[in-house]
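Here's the structure we're looking at; comments come further down.
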Amino acid sequence: MRRAVFLDRDGVINENRPDYVKNLEEFVVLPGVLQALRLLGSTGMLVIVVSNQSAINRGLVSRETVEEIHRRMMDLAQAAGGRIDAVFYCPHRPEEGCECRKPRPGLLVEAARRLEVNLPESYMVGDALSDVQAALAVGAQPLMVLTGRGREQAARLLEQGLGKVPVFEDLPEAAAWILRQEGAPAGRCPV
Ligand SMILES: [Zn+2]
């Protein structure tokens, strides 16, 4: 079984847009993210993006365009010496009640099944409570970042009883923390 770092897309890797990322021009990578992907890749863990893309079923963007954006994202990571091993996305609107839209853990479960990932030994970085909740639902370690929707969302961690979730400025800081965890095996809980 392999381990993975799961990453949300909008607000973690690229700038979040309230009106959705609908084309390549609107896909703007956040500062330091490509270097962070290189660091995460160096751990040997899989790097997997899991993303709610309800804009697809809202009719705002086609699957083809979303997948074009994901190819660009993966190419940028690779050009920077990192990698994104896979991308899983949910095309559904909230009212469709699917199993894959975060906070449900369907995307994580599907990724784990296909790529043989041990979820309780994995990390999930997101800018939203729904990312934290999806991670906790499968026993993965959640990390929250303050980019994207993070500032508004992190303020709600305490009221949700999630005050112990580690919070970071951005993906580079979260990646540095993960590397410290990985570099200190004695510090890992032996349960
Ligand atoms: Zn879905």
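The values are calculated or read from the model by the stated rules, or taken from the named source; none is laboratory data. All figures in this text were calculated on a predicted structure; none of them were measured in a lab. Cβ atoms come from the backbone with ideal geometry, glycine included; neighbour counts cover every protein chain shown.
For residue 128, the criteria (1) within 16 Å of the ligand (Cβ to nearest atom); (2) without any contact (Cβ under 8 Å) to a residue 60 or more places away in the chain; (3) under 24 Å from residue 29 (Cα atoms) hold in every case but one, which is (2).
There is at least one residue in region 102-121 that is within 16 Å of the ligand (Cβ to nearest atom) and touching a Ser or Thr at 6+ places or on another chain (Cβ under 6 Å). Among the numbered conditions (1) in contact with a Leu (Cβ under 8 Å, 6 or more places away or on another chain); (2) without any contact (Cβ under 8 Å) to a residue 60 or more places away in the chain, the only one that residue 140 does not meet is (2).
Listed here are the residues, each with its yes/no results for (1) at pLDDT 95 or above; (2) over 20 Å from residue 37 (Cβ atoms); (3) out of contact with any helix residue (DSSP H, G or I) (no Cβ under 7 Å at 6 or more places or on another chain).
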site	(1), (2), (3)
86	yes, no, no
96	yes, yes, yes
100	yes, yes, no
108	yes, no, no
123	yes, no, no
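Of the residues 76, 24, which is surrounded by 15 or more Cβ atoms within 10 Å (Cβ to Cβ), away from the ligand (no atom under 12 Å from the Cβ), in contact (Cβ under 8 Å) with a residue 12 or more places away in the chain and not polar (S, T, N, Q)?
On the way: 24 fails: surrounded by 15 or more Cβ atoms within 10 Å (Cβ to Cβ).
Testing whether each residue is surrounded by 15 or more Cβ atoms within 10 Å (Cβ to Cβ), away from the ligand (no atom under 12 Å from the Cβ), in contact (Cβ under 8 Å) with a residue 12 or more places away in the chain and not polar (S, T, N, Q) leaves just 76.
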